[in-house]
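Q: Shown below is the structure under consideration.
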Amino acid sequence: MGQLEQSAQARQIQFAPSVYEHAARVIDKSPWEVSRSCDLLAQGHVEAYRLYEHCPIVVGIDIYNLEAEAYGAPVEKPAGNGIPAISRHAYGAVAELLDLAPFDPRADGRIPMVIEAANRVASECPATDVRIPLSGPFSLAANLVGFESLLCEVHTDPDLVARALRHLVAGQVEFCREVVRNGLDIAFFESAATPPLMSPDNFRDIELGALEKIMAETSAVVGHPVPCIMGGDTLPILDYILQTGTGYVCCPAKTDQPKFMERMRAHPEVMVRVNMDPGGLTSKNFGDVEKEVDRVLALAENRQNVCIGTGCLPFEADPDVVLKAREYLLSKSTR
């Protein structure tokens, strides 16, 4: 590769699709099959990387279920190509979470299998960044007691919920330690806590303390600031997210993206992933995809620490369309 070609590539905005259940599509398997097999999970993510050359690779299918399942919540096989989901919440009330002992990441649920699959992906794809998904405390609590029950207790006993969220941090940090012991990194997800599901005031008073704690402790374990990935309407809580010290945030398609990017001008050191609307990647009309790429590129204009993502890439997305979107993005974003 010539020096000029290397220079041109260095100026391109990275395409960073979020590949979870879509990894099953690229090997013609169902999300359920891939979520239950170390061989298929590794194969699906390796093949997706060979297609899209995305970074990081987050090894998982139903990424929010891992810890809840390790704590005893059963995951149900969906019909067809649906995404596996918790079929029964393991606990009836938030107070029960205060007595919960951390699960063993070396033995419980699918976690050892996912770590082994990630090790295989890292071996097959040594040039990229391989990560294990880690749930934030509110998202984990929602899967353990049920979202409706959790929100009810947010309003009736907010102090109890805040204590329970902080209690869950220790187990997540130990999970993170096991990931790092395997030479891997983590991807941190906390979308359940996003407005309008929680009000900004509730986020500040109930969630933020636990979020700051888990971000600080996992960042110390991995040796760098941990990305804080939250979908939904995050603009109303953006200042709180940045307060955690994260070096990487997501600008979701479902928030006011122009205002979000304007707010981020005061934080040029933070990497921002601007998400395309992933639904466009299921379109049969590539002109729609081009318009969406042009839209997000305009949002990313003049920012150095920026990449373009997709939100959760749908299983149904045609890999050829995703590839065309990637090629179009790279052709338009050379700086």
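The values are calculated or read from the model by the stated rules, or taken from the named source; none is laboratory data. No experiment lies behind these values; they were computed from the predicted model shown. Using ideal geometry, Cβ is built from the backbone for each residue, glycine included, and neighbour counts are taken over all protein chains shown.
Q: Would you tally the residues in the range 171-193 being in contact (Cβ under 8 Å) with a residue 40 or more places away in the chain and either more than 19 Å from the chain's Cα centre (by Cα) or assigned to a helix (DSSP H, G or I) (or both)?
A: 15
Q: What helices (runs of 4 or more DSSP H) lie completely within the range 1-115 and have 1 or more residues being more than 20 Å from the chain's Cα centre (by Cα) and modelled with pLDDT under 95?
A: 3-10
Q: Whether any residue in the range 194-214 is within 16 Å of the chain's Cα centre (by Cα) and of a type in the set (Gly, Ala, Ser) is what I want to check.
A: No: zero hits.
Q: Could you list, in sequence order, the residues of the range 212-244 that are assigned to a helix (DSSP H, G or I) and touching a Pro at 6+ places or on another chain (Cβ under 7 Å)?
A: Kept after step one, since they are assigned to a helix (DSSP H, G or I), are these residues of the range 212-244: 212-222, 235-243.
Answer for the range 212-244, where residues must be assigned to a helix (DSSP H, G or I) and touching a Pro at 6+ places or on another chain (Cβ under 7 Å): Ile214, Ser219, Pro236, Ile237.
Q: Does Asp62 satisfy the criteria of being surrounded by 18 or more Cβ atoms within 10 Å (Cβ to Cβ) and of a type outside the set (A, V, I, L, M, F, W, C)? Please lay out each step first, then the result.
A: Numbers: surrounded by 18 or more Cβ atoms within 10 Å (Cβ to Cβ): yes; of a type outside the set (A, V, I, L, M, F, W, C): yes.
Considered against the rule, which asks whether it is surrounded by 18 or more Cβ atoms within 10 Å (Cβ to Cβ) and of a type outside the set (A, V, I, L, M, F, W, C), Asp62 comes out as yes.
Q: Hey, any hits in the range 318-331 for a residue that's without any contact (Cβ under 8 Å) to a residue 24 or more places away in the chain, over 21 Å from Glu47 (Cα atoms), among the polar types (S, T, N, Q) and assigned to a helix (DSSP H, G or I)? Can you show your working first?
A: Initially, the range 318-331 is screened for residues without any contact (Cβ under 8 Å) to a residue 24 or more places away in the chain, giving 320, 327, 331.
Filter once more, so that each one left must be over 21 Å from Glu47 (Cα atoms): 331.
When the remaining residues are screened for being among the polar types (S, T, N, Q), the result is 331.
Cutting the leftovers down to assigned to a helix (DSSP H, G or I) gives us 331.
Yes, because at least one residue in the range 318-331 is without any contact (Cβ under 8 Å) to a residue 24 or more places away in the chain, over 21 Å from Glu47 (Cα atoms), among the polar types (S, T, N, Q) and assigned to a helix (DSSP H, G or I).
Q: Pick from Val75, Val19: which is over 24 Å from Val249 (Cβ atoms) and aliphatic (A, V, I, L, M)?
A: Val75
Q: Follow-up. Does Thr246 satisfy being polar (S, T, N, Q) and within 24 Å of Glu207 (Cα to Cα)?
A: The answer is yes for Thr246.
Q: While we're on this one: Please enumerate the residues belonging to the range 231-245 that are more than 13 Å from Leu208 (Cα to Cα) and either within 14 Å of the chain's Cα centre (by Cα) or not aliphatic (A, V, I, L, M) (or both). Please lay out each step first, then the result.
A: The initial filter retains those residues of the range 231-245 that are more than 13 Å from Leu208 (Cα to Cα), namely 231-236.
Gly231, Gly232, Asp233, Thr234, Pro236, listed by residue number.
Q: Also, quick follow-up: Which number in (1) assigned to a helix (DSSP H, G or I); (2) hydrophobic (A, V, I, L, M, F, W, C); (3) touching a residue at least 40 places away in the same chain (Cβ under 8 Å) marks the one condition that Phe203 misses?
A: Unmet for Phe203, out of (1) assigned to a helix (DSSP H, G or I); (2) hydrophobic (A, V, I, L, M, F, W, C); (3) touching a residue at least 40 places away in the same chain (Cβ under 8 Å): (3).
Q: For the range 259-292: of the residues being in a loop (DSSP other than H, G, I, E, B) and not basic (Lys, Arg), which is farthest from Val249 (Cα to Cα)?
A: So, considering only residues that are in a loop (DSSP other than H, G, I, E, B) and not basic (Lys, Arg), the one farthest from Val249 (Cα to Cα) is Asn285.
Q: Now, a different point. Take the range 128-170 and flag every residue that is basic (Lys, Arg) and either assigned to a strand (DSSP E or B) or farther than 27 Å from His224 by Cβ (or both). Show your work before the answer.
A: Filtering the range 128-170 for residues basic (Lys, Arg) gives 131, 163, 166.
Hits for the range 128-170 are Arg131, Arg163.
Q: Let me confirm something: among Ala122, Ala70, Ala107, Ala141, which residue is among the aliphatic types (A, V, I, L, M), out of contact with any helix residue (DSSP H, G or I) (no Cβ under 8 Å at 6 or more places or on another chain) and closer than 26 Å to Pro314 by Cα?
A: Ala122
Q: Against the condition crowded, with 16+ Cβ neighbours inside 10 Å and basic (Lys, Arg), how does Arg273 come out, does it pass? Walk me through it before giving the result.
A: Values: crowded, with 16+ Cβ neighbours inside 10 Å: yes; basic (Lys, Arg): yes.
So Arg273 passes the test.
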